[in-house]
Each structure stands twice: as C-alpha cells, then as structure tokens.
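Peer 1: After the structure tokens below, expect a handful of questions from me.
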C-alpha cells in the first residue's frame with residue numbers, strides 16, 4: 001500500500017517499541033505495508049511473543065475493525081496466553097470477516113482448537129463442521145474430517161441423529177394377493193385389507209446418545225440410550241383397500257437404555273465388546289413388548305487390508321399381554337476389505353434362531369449380505385450398494401389348525417442403492433437418497449411380499 005494513515009504508523013511505532021531492542025535504531029518507528037504487518041503479528045503470536053502480537057493486532061484493528069487477519073493473529077495470541085474463551089471468540093470474528101475459503105477453514109480450526117483445549121468438546125465439533133463446510137477442496141475437507149474424528153473420540157458425550165422420509169409401496173409388509181394359499185393344501189383363505197400391501201409415506205427419526213463413564217489404556221465403559229420413532233401416512237389407495245386401518249396402527253416407538261464395556265486387546269486394533277440393553281416397544285400407541293439384550297462382539301485385523309468381526313447376541317422379549325416369552329439368538333461374522341482408491345467391500349453371514357413360546361412359530365433364518373462403498377465421489381455423489389439374500393424356515397408352522405407341509409419357508413432378495421450428495425451438504429451433514437427393492441417368496445402366500453421405496457435422509461459425512 002503506497003500511503004498509510006499517520007495514526008497507523010504511530011501504532012506500528014508503539015508496537016515496535018515494545019519489542020526487544022538489539023540496536024539503537026530499533027527504537028525508531030518502522031513503517032510496514034498492511035500485509036507485512038499482518039504477517040508479522042501472526043509470526044509474533046506463533047513464536048510466543050503474544051504481548052507484542054496482541055499490540056500489533058490491536059493497532060491493525062484500530063485502522064480496520066473487520067480485518068480478519070488481525071483478528072486471527074489476536075486470537076492466536078490469546079490462545080498462547082491461555083485465554084481460550086477470547087481466543088475462540090476472536091477466531092469466530094476472523095471467520096466472519098473473510099470470504100476466502102482457506103482463511104475461513106483456518107479460522108474455524110483455531111476456534112475448534114481453543115474450544116477443545118477449554119474442554120468444550122461439542123463446541124469444538126461445531127467449529128470443525130463449519131470448517132469442513134467452507135473448505136475449498138476435497139483434500140482439506142478430508143483433513144478436517146480426520147480432526148473431527150479425533151475430537152469425537154475425546155468427547156465424553158456422543159450424539160447421533162437420523163431422520164428419513166420415504167414413499168413406500170408396502171408400509172406394512174403386506175401380501176400381494178387377497179388369497180392365502182398354502183403349497184400342498186387345496187384350501188384357500190381370504191385375507192383382510194389390512195393384511196395386504198399398503199402404500200404411503202414412512203417417516204423415521206432416531207436419536208442415540210452415549211456417555212463415556214470411564215476410559216483407560218485397556219478398557220472403556222459407556223452408557224447408552226436410544227429413541228426410535230416411526231410414523232406413517234397412508235395413501236388414498238391404501239385407505240380404500242383397508243378402511244379400518246389408521247396411520248396410528250402402523251406407528252412404532254422404541255425406547256432403550258444400556259451399558260457397554262470395550263476391552264482393547266494387545267497393541268493392534270483387536271477389541272472385545274460387551275453390551276447389555278433394556279428396552280420397550282410400543283405399537284399403535286399401546287405397549288407391545290419389552291426386551292433385554294446381551295451382545296458380545298470381537299473385532300480384529302487379519303492383514304493391513306482386511307478386518308474381521310464376530311458378533312453373538314441373545315434377546316428375551318416379553319409381550320405386553322404376558323402370554324409367552326420369545327427368545328432370539330444370533331451369530332454373525334463379517335469380513336471387510338480396504339480396496340484401492342479408498343473403496344471398501346464387506347461380506348457378512350448371519351444365522352438367527354427364534355423360540356417364541358409357540359411351537360408353530362419356532363424357526364431359524366440365514367442371510368448373506370454384501371456391501372460396497374465407493375471411496376471417491378462421482379460428480380459430488382458418494383455411491384454405495386447393499387445386496388442381501390436370506391431364507392427363513394419354521395418347521396412346525398400352522399395356519400389355524402392346518403399344519404403347513406414341510407413347514408413354512410421364506411426366501412428374500414433385496415438390493416439398495418445409496419447416494420450421498422456431499423456437494424449439497426451443510427456442516428458435514430449430507431442428504432442421502434436410498435432406493436430399495438425387495439421380494440419375498442414363500443410357500444404360504446400371506447408372506448409373499450415385495451416392495452419399492454425411495455428414502456430421503458440426512459447423515460453425517462464424517
């Protein structure tokens with residue numbers, strides 16, 4: 001800058017008087033350009049000369065109260081002095097007074113570091129999300145995402161929110177036909193409208209909270225809670241098929257609380273996880289069943305590119321009418337491959353056992369699932385694909401007094417395409433569009449179903 005206000009030169013002179021002098025000439029006023037003064041103020045702050053940096057930054061702000069570089073230098077000086085609250089607020093000013101993406105990301109990072117050092121973990125996460133949102137390129141967003149993961153790991157309180165809205169051709173898992181036919185039996189039944197596939201809108205909200213109770217080098221203990229809410233809006237067609245059915249009839253609420261303990265095994269990534277949960281389920285606004293569940297999970301790494309997981313669970317359900325006790329067991333194993341370009345592939349196998357207190361409902365199920373996640377976005381869209389095949393068998397299944405020959409047998413295929421629109425995200429939350437199609441074949445036509453749904457939701461991109 002060719003010319004400068006005399007007041008500005010005076011402030012620079014005063015600032016330099018405060019600096020250590022190594023020669024008599026250093027006591028003279030020194031004129032600098034504005035960019036040079038800003039650079040020097042920041043250099044002084046970083047090098048530990050916080051008082052001199054503060055004086056110079058204040059001089060710059062006397063000339064321009066909205067000088068983002070001066071606010072950044074001042075915030076850095078305050079952080080060096082241990083005044084973390086003022087440092088965060090100063091960084092917020094630097095963020096506000098610039099439109100440059102890189103500068104805004106740096107200011108958000110300074111605000112996050114100040115909040116983290118002040119043990120204000122949620123505020124640190126907030127500023128990192130703001131930094132990711134304004135980051136000018138993918139590489140910098142990834143760096144901020146890694147910083148966010150590190151901060152989240154240090155945060156005692158964890159919060160996860162999920163919301164989705166989906167038009168669906170089959171809200172209730174209903175049958176394709178009015179007729180209830182059983183392979184090998186000549187008798188034919190007629191289903192009510194409420195047992196048929198009903199279309200409409202499906203809205204779901206999930207709130208998960210966790211709090212770290214203890215954390216050592218070898219183990220960690222957490223408390224957990226969950227609220228799940230499902231509500232629907234039946235279409236006009238569905239209302240004509242099942243006039244007696246209401247939106248409330250298909251509503252569902254789940255309330256859960258639990259404790260978990262995770263042990264870190266050795267120096268690698270292996271761990272053992274034990275968790276217990278208690279919960280209640282309401283359907284159509286009325287108590288449906290309560291449950292308690294015990295889960296054991298082990299994880300580890302086979303190679304640098306392959307991880308494995310084994311999961312065992314046992315759940316006891318107590319229906320609200322007290323008629324019986326349902327017991328569900330499951331065992332599941334999964335392998336995950338880290339592929340080139342940050343792609344990931346997971347294959348999992350699961351077997352479940354059902355003992356619901358009624359012999360005709362006892363059975364087992366098997367499923368194979370494949371999940372592929374592309375690492376790099378395509379035109380700003382992250383793509384994932386889920387494929388699954390499963391079968392269920394109930395050897396002693398009966399419809400009324402009619403025993404189904406060979407037992408009831410269901411086979412299901414499903415495919416889901418996930419699209420995360422990261423380019424449309426805000427503060428690390430991106431809209432997700434999921435297209436799912438499924439079909440179930442059964443020797444009892446009541447359980448022959450299919451469905452197609454398009455779900456719009458929002459998820460954290462990191």
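Nothing in this text is a laboratory measurement; each read-out follows from the coordinates by a stated rule. From a predicted model like this one, the values you see are computed outputs, not experimental measurements. Neighbour counts are summed over all protein chains in view; Cβ atoms, including those assigned to glycine, are modelled from backbone coordinates with ideal geometry.
Peer 1: Can you tell me the 0 to 90 degree angle between the C-alpha axis of helix 101-117 and the longest principal axis of the chain, rounded to 10?
Peer 2: Approximately 80 degrees, to the nearest 10.
Peer 1: Find how many whole Å separate the alpha carbon centroid of the stretch 88-164 from the alpha carbon centroid of the stretch 268-327.
Peer 2: About 34 Å separates the Cα centre of the stretch 268-327 from the one of the stretch 88-164.
Peer 1: Another question about this same structure. Can you work out the base-10 log of I(q)/I(0) for the stretch 170-277 at q = 0.10, 0.21 1/Å, using the Debye formula on its C-alpha atoms alone?
Peer 2: Reported log10 I(q)/I(0), two decimals: -0.56, -1.05.
Peer 1: How many nm separate the modelled label positions at residue 122 and residue 255, each set 7 Å beyond the Cα in the direction of the Cβ?
Peer 2: Going by the 7 Å Cα→Cβ label model, 2.1 nm.
Peer 1: For the stretch 279-318, count all C-alpha to C-alpha pairs, find those more than 12 Å apart, and express that count as a whole percent of the total.
Peer 2: For the stretch 279-318, the fraction of Cα-Cα distances above 12 Å is 68 percent.
Peer 1: For the chain, compute Rg over Rh where Rg is the Cα radius of gyration and Rh is the Kirkwood radius from the inverse mean 1/r over Cα pairs.
Peer 2: 1.13
Peer 1: So how tilted is helix 34-46 from the main axis of the chain? Cα-based, degrees 0 to 90, rounded to 10.
Peer 2: 70 degrees
Peer 1: Starting at 0 and stepping by 5 Å, how many percent of the alpha carbon pairs of the stretch 249-394 end up in each bin?
Peer 2: Result returned by the calculation: 2, 8, 12, 14, 16, 17, 13, 9, 6, 2, 1.
Peer 1: Which FRET efficiency value, to the nearest 0.05, do you get for residue 366 and residue 64 by plugging their Cβ-Cβ distance into 1/(1 + (r/R0)^6) with R0 = 56 Å?
Peer 2: The calculated FRET efficiency here is 0.20.
Peer 1: Relative contact order (percent) for the stretch 78-188, with alpha-carbon contacts under 8 angstrom and 6 or more residues of separation?
Peer 2: Across the stretch 78-188, relative contact order equals 17 percent.
Peer 1: Provide the gained length on full extension for the span residue 139 to residue 337, in nm with one decimal, where the gain is 0.36 nm per separating residue minus the Cα-Cα distance.
Peer 2: Answer, rounded to one decimal: 69.0 nm.
Peer 1: Still on this structure: Report relative contact order for the stretch 193-249 in percent, whole number only (criteria: Cα-Cα under 8 Å, sequence separation at least 6).
Peer 2: 42 percent
Peer 1: Calculated from DSSP H runs of 4 or more alone, at -39500 (n - 2.57) each and per residue, what is the 222 nm mean residue ellipticity of the chain, nearest 500?
Peer 2: -8000 deg cm²/dmol
Peer 1: In degrees from 0 to 90, rounded to the nearest 10, what is the angle of the helix 84-96 Cα long axis to the longest principal axis of the chain?
Peer 2: It is inclined by approximately 90 degrees.
Peer 1: Ok, one more. Could you sort 129-135, 81-87 so that the peptide with the highest average Cβ count within 10 Å comes first and the rest follow in order?
Peer 2: Top of the packing list down: 129-135, 81-87.
Peer 1: Still on this structure, I have one more. If r is the Cβ-Cβ distance from residue 85 to residue 354 and R0 is 45 Å, what FRET efficiency results, to the nearest 0.05?
Peer 2: The value I calculate is 0.20.
Peer 1: Fully extended, how many nm does the chain gain between residue 274 and residue 458 (0.36 nm per residue separation, minus their Cα-Cα distance)?
Peer 2: Fully extending the segment from residue 274 to residue 458 adds 63.3 nm.
Peer 1: Work out, step by step, the length gained on full extension between residue 296 and residue 244: first 0.36 nm times the residue separation, then minus their alpha carbon distance; give nm to one decimal.
Peer 2: Taking 0.36 nm per residue and subtracting the Cα distance, the gain is 14.4 nm.
Peer 1: What FRET efficiency do you get for residue 398 and residue 216 if R0 is 35 Å and r is their Cβ-Cβ distance, rounded to the nearest 0.05?
Peer 2: It comes out at approximately 0.05.
Peer 1: Here is a further query. Along the Cα→Cβ direction, 7 angstrom out, place labels at residue 100 and residue 267. What is the inter-label distance in nm?
Peer 2: In this crude spin-label approximation the distance works out to 4.4 nm.
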